[in-house]
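Chemist: Questions regarding the structure given below will be posed in turn.
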Amino acid sequence: MSKPALLKAAILVVSTTASKDPSADSSGGVLSQVFEEEGVGKWEVSEVKIVGDEVLDIQRAITAWTDRENSLNVIITTGGTGFAVHDTTPEAVTPLLHKQAPGLVHGMLTASLAVTPFALMSRPVAGVRNKTLIITLPGSPKGAKENLQSILKLLPHACQQAAGADSRTLHAGGVKKLEKEAGVSPGHQPHSHAPDHSHGHSHGHGHSHGHAMPVRHTAPNDNPRSNDPALGPTRRNRSSPYPMLAVTSAKVDGTLVGSVLSADVTATEAVPAYRASIVDGYAVIASEDGSSSQGTFPVASISHATPGDIPELKTGQIARITTGAPLPPGATSVVMVEDTVLKTMTDDGKEEKEVEILAEGVKDGENVREVGSDIKIGEVILRKGEEISAIGGELGLLASVGKAEVTVYKKPIIGVLSTGDEIVEHSRLGDLRLGEVRDCNRPTILSAVRGWGFEAIDLGIAKDKPGALEEHLRDALRKVDVIITSGGVSMGELDLLKPTIERSLGGTIHFGRVSMKPGKPTTFATVPVKNNAGERVSKVIFSLPGNPVSAVVTLHLFVLPSLHHLSGVSPPGLPKVLATLDHEFRLDPQRAEYHRAIVVMGKDGLLHASSTGGQRSSRVGSLKSANALLCLPTGNEPLKKGDKIEALLMGKVRVDVV
Ligand code: AMP
Ligand code: MG
């Protein structure tokens, strides 16, 4: 038997001190040692990284490990789980978790509490993101070590399940077998502390919060971080399950274009359904012994490609047949008209009476499309995950076997809302009053979303009043699956989106600032609601910046991939290509920039990119004719003409004819 592959662990040290001076960290090394010495040869620590106590830095480090192919099996963080102002690890990790693992938290706590009541002084979380288990341990080497020891033996099992192992196979043999394999005994912690184990709880140095853990019976929630305009409601409990892909049955017609199949489609009819001629000619009975098929034969019947009964062909007869027509019963093969000669006609001269077959040695089945030779009954004609394109191939296949309905991922319905006291209908007659701004975002976003093949509902304009915004959003949550708002997400006092989502709707802000240009305040949230069946589901809100260019850029970068994800389209988001710069591009030293550009296929066969001009985020003109967003990195030196850079394609690429 070959040796099983090692499980991969990563250790993320969260400590502002250690991020400046790596020698200040000792927990990272201690944890690696636990994996090595106590992991019974099952583990390999493949990554160790140190970040400061910054939510975004922590999240970036984790998602880089979890949101890729060949993801790691477990990520252990150490540090930032205490009650100090700068402790943010649980807040950073919680929104990333697709599944919570309160059992692991509980297990660690029970072990720690057996050692010290200071176990209550830490706030751990555990759970799964994609295929990776994430566990937050305290910062002190001692505490971190003891916590890891308390769950180490159980981790392989959890990791195998998280990575997609079949749980039936995994659980075959029952709990006893599992316990034996893991080396644990029932009712005991896998790692037991000696009763007299003396435990010094260290409060001394900068980043340590002991290994203490609070007992908590529910999964910790992300607390609101936005300003509370009313200073009224206190924090609410909320959970943030990611929306599930819904499945629906859909009619096979043009409306299916852009939908993705949620199940394999099997043919229940054969194509062709009958033995059909491939040519115009004469249906014949080939002799079994392969002897001569030549001779002159009476034409007994005519088979056109029309439904109906055809008389049986008898030995010594032939039948005229057209392309696609069914063979008469008894016929074995078809001889092409080119291989025949008309011998005699009926008296009126209108019909053929006798025809001479010139073809020699006609074989059984010659020039015949057999039943099911294109598609067999029971054959899978389209697979789960395949998209129905407008080109027609997929619809054609479904139509050919008589599929009237298929099951597809339900496309989300999208609502589009503008916000701002200054915003007026774009088509309002008359001059603008001082301070009024025409609504440019709503018509743009509605048309883009519809152009992507989704149903979009116009939600109008909401005033910058807490009540008005909440009312609009509540109404929208009843009607749509995804809400796209624009405006109201910067830090001004009238920017109400974040607090309304968190405080009034009980939603969770997953991110509220992105280091990019344009689009810094882009906000993504989910809100729990009850659907018509009374089930808790979560709806998605994208709050895009108000500046029209920022709104459209972030629509493409954030909303489109999410809509793709929700409707099963893969890969999600805009396609990425490499383009050659046609001129110099200056870079922003701080923020990655998505530069509106025109990409064309040049006569040299390469993609060429040129800027659409001034890129200020209020200048809608920078989007006119743009078919691409160039992904410009941060930097101090400009990119040179001829440099190659990644471009996200938003629209068709013009081809300069060679
Ligand atoms: P805000 O994020 O609400 O502060 O908006 C930023 C800027 O975008 C302000 O100049 C707004 O007037 C402008 N803006 C917001 N919404 C729209 C819209 N729907 N159409 C055009 N401009 C807008
Ligand atoms: Mg505004």
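The values are calculated or read from the model by the stated rules, or taken from the named source; none is laboratory data. Fair warning: this is a prediction, and the values are worked out from it, not measured in the lab. FYI the Cβ positions are ideal-geometry reconstructions off the backbone, even for glycines, and counts take in every protein chain you see. Side chains are part of the model used for accessible areas, which takes the heavy atoms of the whole protein and leaves out ligands, DNA and RNA. Shrake-Rupley method; radii C 1.70, N 1.55, O 1.52, S 1.80 Å.
Chemist: When you check Gly183 against the structure, is it under 36 Å from the mean Cα position of the chain (by Cα), at pLDDT below 80 and loosely packed, with under 13 Cβ neighbours inside 10 Å, yes or no?
Modeler: No; evaluated as a whole, the condition is false for this residue.
Chemist: Could you list, ordered by first residue, the pairs with Cβ atoms under 6 Å in which the first is in the stretch 482-503 and closer than 17 Å to Glu422 by Cα and the second is in a helix (DSSP H, G or I) and near ligand 1 (Cβ under 6 Å from one of its atoms), at least 6 apart or interchain?
Modeler: These pairs meet every condition: Ser486/Asn441.
Chemist: Mind telling me which of the residues Arg503, Arg474, Arg513, Arg478 ends up being in a loop (DSSP other than H, G, I, E, B), open to solvent by 30 Å² or more (accessible area, probe 1.4 Å) and away from ligand 2 (no atom under 16 Å from the Cβ)?
Modeler: Step by step, each of Arg503, Arg474, Arg513, Arg478 is checked, and only Arg513 is in a loop (DSSP other than H, G, I, E, B), open to solvent by 30 Å² or more (accessible area, probe 1.4 Å) and away from ligand 2 (no atom under 16 Å from the Cβ).
Chemist: In addition: Please work out if Leu313 is at pLDDT 90 or above and assigned to a strand (DSSP E or B).
Modeler: Criteria not met by Leu313.
Chemist: Looking at the stretch 13-36, is at least one residue open to solvent by less than 80 Å² (accessible area, probe 1.4 Å), modelled with pLDDT of 90 or more and of a type in the set (Asp, Glu)?
Modeler: no
Chemist: Looking at (1) more than 19 Å from Asp495 (Cβ to Cβ); (2) more than 11 Å from ligand 1 (Cβ to nearest atom), which one does Glu425 not meet, given that it meets all the others?
Modeler: Going through (1) more than 19 Å from Asp495 (Cβ to Cβ); (2) more than 11 Å from ligand 1 (Cβ to nearest atom) one by one, Glu425 breaks only (2).
Chemist: For the stretch 328-357, which positions are closer than 17 Å to His304 by Cα, aliphatic (A, V, I, L, M) and open to solvent by less than 60 Å² (accessible area, probe 1.4 Å)?
Modeler: Ala331, Val334, Val335
Chemist: If you don't mind, another one. So, Val271, is that one of a type outside the set (D, E, K, R), at pLDDT 95 or above, within 30 Å of Glu387 (Cβ to Cβ) and open to solvent by 20 Å² or more (accessible area, probe 1.4 Å) or not?
Modeler: Here the answer is yes, as Val271 does meet what is asked.
Chemist: Follow-up question, since we're still on this one. Could you list, ordered by first residue, the pairs with Cβ atoms under 6 Å in which the first is in the stretch 114-125 and of a type in the set (Ser, Thr, Tyr) and the second is at pLDDT below 80, at least 6 apart or interchain?
Modeler: Taking only residues 6 or more apart or on different chains, the pairs are Thr116/His199; Thr116/His201; Ser122/His209; Ser122/Ala212; Ser122/Met213.
Chemist: Out of the stretch 399-422, which residues are within 13 Å of ligand 1 (Cβ to nearest atom) and of a type in the set (A, V, I, L, M, F, W, C)?
Modeler: Val416, Leu417
Chemist: So, one more: With the requirement that a residue be assigned to a loop (DSSP other than H, G, I, E, B) and either away from ligand 2 (no atom under 16 Å from the Cβ) or open to solvent by 10 Å² or more (accessible area, probe 1.4 Å) (or both), what does the stretch 481-495 give you?
Modeler: Scanning the stretch 481-495 gives Asp481, Gly488, Ser490, Met491, Gly492, Glu493, Leu494, Asp495.
Chemist: For the condition more than 21 Å from Asp374 (Cβ to Cβ) and within 60 Å of the chain's Cα centre (by Cα), what is the one hit in Val362, Val355, Val341?
Modeler: Selected residue: Val362, the only one of Val362, Val355, Val341 that is more than 21 Å from Asp374 (Cβ to Cβ) and within 60 Å of the chain's Cα centre (by Cα).
Chemist: Here is a list of conditions, (1) open to solvent by 50 Å² or more (accessible area, probe 1.4 Å); (2) assigned to a loop (DSSP other than H, G, I, E, B); (3) more than 29 Å from Ile461 (Cα to Cα), and Ser618 meets all of them except one; can you say which number that is?
Modeler: Of everything listed in (1) open to solvent by 50 Å² or more (accessible area, probe 1.4 Å); (2) assigned to a loop (DSSP other than H, G, I, E, B); (3) more than 29 Å from Ile461 (Cα to Cα), Ser618 misses just condition (3).
Chemist: Provide a single number: the residues in the stretch 538-563 that are assigned to a helix (DSSP H, G or I) and either within 16 Å of ligand 2 (Cβ to nearest atom) or open to solvent by 30 Å² or more (accessible area, probe 1.4 Å) (or both).
Modeler: Of the residues in that region, 8 qualify.
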